[in-house]
1. Highest mean first, how do B:134-145, C:177-188, C:219-230 rank when packing is the count of other Cβ atoms within 10 Å averaged over residues?
2. Compute the angle between helix B:59-70 and the longest alpha-carbon principal axis of chain B, please, reported from 0 to 90 degrees and rounded to the nearest 10.
3. Taking the inverse of the average 1/r across all pairs of different Cα atoms in the range B:2-225, what Kirkwood radius in Å do you get?
4. Does a label point 7 Å from the Cα of C:Lys203, set along Cα-to-beta-carbon, have any residues of the range C:166-193 with amide nitrogen under 13 Å, and which are they?
5. Could you give each residue of the range A:220-227 its phi-based ³J(HN,Hα) in whole Hz, using Karplus coefficients 6.51, -1.76, 1.60 with θ = phi - 60°, and x for Gly or Pro?
6. What are the residues whose amide H is under 5 Å from the amide H of A:His208, where those residues sit 5 or more places off or on another chain and H is modelled from the backbone?
7. Going by Cα centres, the range A:14-91 and the range A:138-205 are how many Å apart?
8. Of the beta bridges DSSP finds with both residues in the range C:104-216, what % are antiparallel, to the nearest 5?
Amino acid sequence: MVGGTTILPLELSGVIARVRGKQLLGPIDLTIGATGLTVVMGPNGAGKTTLLRVMHGLRRISGGTVNWAVEDGAARRKQAFVFQSPIMMRRRVIDSIAFPLILHGMDRKSAKIRAEDWAIRVGLGHVLQDWAPMISGGEKQKLAVARALISAPEILFLDEPCANLDGRSTREIEAVLKQAEHAGTRIVMATHNLGQARRLASDVIFVHGGKILEITPADRFFNEAKTPQAKAFVQGDIVE
Amino acid sequence: MDSISTGLMEAFRLILTLDSDLVEIVLLSLQVTVTAVAIASLIGLPLGAWLVVNRFRFRRLTISVLNALMGLPPVVVGLFVYLMLSRSGPFGVLGLLFTPTAMIIAQVIIVMPLIASISHQTIRDLWAEYHDLLISLNASHAQRIKVLLWDGRRALITAVLAGFGRAIGEVGAIMIVGGNIDHATRVLTTSIALETSKGNFAFAMGLGIILITVAIAVNLAIHTISKTERASTW
Amino acid sequence: MKLPFNFWHATVAALFIATSAQAAEIKVAVTTSFYNSGLSDLLLPVIKDDLDLDVQLIVVGTGQALRLGKAGDVDAILVHSRKAEDTFLAGGFGTHRRKIMYNDFVFIGPVSDPAVLAKASSASDAMQRIKATASSFASRGDDSGTYKKELSLWVAAGVAADDLSTNWYHAAGAGMGATLNVASGMNAYVLSDRASWLNFGNKGDLELLYAGDPTLFNQYAYIPVNPELHPHVKTDLALALETWLVGPKAEELIANYRINGELLFTFNAVRN
Ligand SMILES: Nc1ncnc2c1ncn2[C@@H]1O[C@H](COP(=O)(O)OP(=O)(O)OP(=O)(O)O)[C@@H](O)[C@H]1O
Ligand SMILES: [Mg+2]
């Protein structure tokens, strides 16, 4: 924990997200407590991204409430988000990673020193001076993770951060996330990767058709899922 | 055509002899246009970005008005500025009519909507890309505008150069508000109009060729400075 | 957005240079015909030497020159349209009218001369010949002294305004040079001041066909703008310039001014 008041827990109650009358999500009732690494799972189009965006405040909700322990403005400053398709600024890798720090008032020099440190931690030491939009897909995702962690967020949302990574890079990112977790960062991550979920999750939210079907401690989810959809999902079957 | 080839020769002669009047005219053209484009960019670029990141009631109307203003005939702008700056107009006391400042004012009005409109389009695309990140990082409106202008700078140079192109070749408005006074407000375009009216087609063509050369030189210089042509960059 | 400090510095400096006034300068609205004569190129440097005065010429048609004077946007005017000048003075917009010099209008037309203007006996006769043969005629059709002169010549020749809305009469709505360009392009007749004609560079198949009728004389007059209406006008400088214009040095330069060997102006200022 980075000191001061905590923004957690996060409480969602009766949350509904709609697009032009079509309901995408909800109603959702959910509490994200102060510790743990929550993995959000579910088939494509289930609503994982929508749920994460609702929690982060990027998507307007049509009903219900999303409450942090502190007021929204203060809460936003202690969150970070890694998007499903990484957003690359038209800047060099090092400047992209340093961007959140500079945006929030740190002087350029110290920001760059910390950015370089983070780049090395996620394995981007060799492309520091490269143009961010030009690096490989996997490198972009590493950049996004470093850029999210550099401002030491209290909670970090990740939307399939390892989708483009090979096995080795996936393990590198996982190690970084574990370190962050130990340092007190609450992590909520969407992933399709069952192996990764087994390795990292303390608990699992299973989403299907815009609804949460299960919220369970990880070992229980993988061994004795309650719903047939979750069971099928865990076994790698097609979820109807 | 005879006038075109003699025009070319005339242009070479003028350049080679470095005719002092010509140098004065070229420098004034550049001074007026560069100042006008700089001011118009200072207003137009942030305005274009501001219109992207702010949702307000008359946003669409404002953008439509900007686009319509791009088509404003320079002569109308000239007349408007003339009526404003005339001694019997509201700003007559400033005594600015028939000065380079009056020409700069007219050109700012002519090119600002163009720069704002093009930058609005450019920034809109970049905003679509950056939107989630900047919102997620809690960037203020001013910071959003700053980041979009900075990261979009290479594309925005196109907007500025379009403004420069329109301004350097403009004659109707600056003729009216500048008066085409020798050694005071005479620039390349008004000289060309004058020489054409005197039937000195070759000389006018020569000046036209110099105008194009100056415009190309400025474009190349800007591109070189901004390194847009360097393959390794964006 | 961050640009080098030097850039803004230079911009501000450029603006400043643009606005800062030079030593002594005066703005005079003059007619296109006067400017096209090239006489000003000869006079202005001498005036600069003698009076340390920068004379800035705004070159426009007579009507526009008078309007600039009325609005107080210039310090004096030099025009050639007696009637309009009198109205201007009657309205109290000028202090007084000072005759400086005159030149003359000339009839220009195609070498083939279908209306046989070369044999005309007077300006009126020349006008009638053009009308009778319905030969193409290019008119200024603007707000200039030359156009006003042309209209008065048509009236004197007994040609009604209605007769001019025909297919042989072309109103260019433009300055002398542009109208000469039109005439050159169409091989049309045109009334021009002699100076503009002599200095014109695109003569094509045109030549001077008739001149000399005293009604074609073109009197230039200098009128300072009334400081009672416009306190900012530089009356002292306007009067200094007037004194110089009617002085012996100006007479010497004006009376001997030639284009292609031809004398152009007759100096007729009265000194007091
Ligand atoms: N802006 C939108 N307009 C219309 N439909 C939307 C919008 N955003 C999401 N949806 C729909 O909502 C549903 C949930 O989308 P979401 O992106 O949350 O799925 P997901 O679980 O993240 O899927 P994936 O695993 O493919 O990333 C999908 O059917 C999607 O098409
Ligand atoms: Mg998704």
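Values in this text are rule-based calculations from the coordinates and carry no lab data. Since the model is a prediction, treat every value here as computed from it, not as a measurement. So basically every Cβ, Gly included, is an ideal-geometry build from the backbone, and we count neighbours across all protein chains shown.
1. On the way: B:134-145: 17.9, C:177-188: 22.2, C:219-230: 20.7.
Top to bottom by mean Cβ count within 10 Å: C:177-188, C:219-230, B:134-145.
2. With both axes taken from Cα atoms, the answer is about 10 degrees.
3. Numbers: mean 1/r = 0.0528 Å⁻¹.
Across the range B:2-225, the inverse of the average 1/r is 18.9 Å.
4. none
5. Once θ is set to phi - 60°, the couplings for the range A:220-227 become 5, 4, 6, 9, 9, 4, 7, 7 Hz.
6. Long-range HN contacts for A:His208: A:Leu213.
7. Value for the Cα centre distance between the two parts: 16 Å.
8. Working: 8 of 13 bridges.
Antiparallel: roughly 60 percent of the beta bridges in the range C:104-216.
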